[in-house]
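**Q** Next up is a structure, given as structure tokens.
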Amino acid sequence: MGEFITEEQEFSLEEQIKSLGDEELLDFWEETHFFNQIVEKDISLTTLSKNNYERLILKELKIRTCRRILNK
């Protein structure tokens, strides 16, 4: 399972997402959805987290899909 690196490290969220394998990336995406459901009562935190994580994860999935298509 993927693991989120704390802010103490010098890696951005985008760099961390890029370093995950496909299964880990999908697990991370699923975990962020679960997390957002738990904190749904706090609208500002949910919106910020969901938009940021989802945007980065979807971007990485699109890049990986394009690479696979081009490498065929």
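Each value in this text was obtained by applying a stated rule to the coordinates, not by laboratory testing. Everything quoted here is computed from the prediction, not taken from an experiment. Neighbour counts are summed over all protein chains in view; Cβ atoms, including those assigned to glycine, are modelled from backbone coordinates with ideal geometry.
**Q** Say each of R64 and E14 gets a label point 7 Å from the Cα, pointing the same way as Cα to Cβ; how far apart are those two points in nm?
**A** Computed distance between label sites R64 and E14 equals 1.8 nm.
**Q** Follow-up question, since we're still on this one. Figure the gain on full extension for K72 and F35 (residue separation times 0.36 nm, minus the Cα-Cα span) and round it to one decimal in nm.
**A** Extra length from K72 to F35 when fully extended: 9.7 nm.
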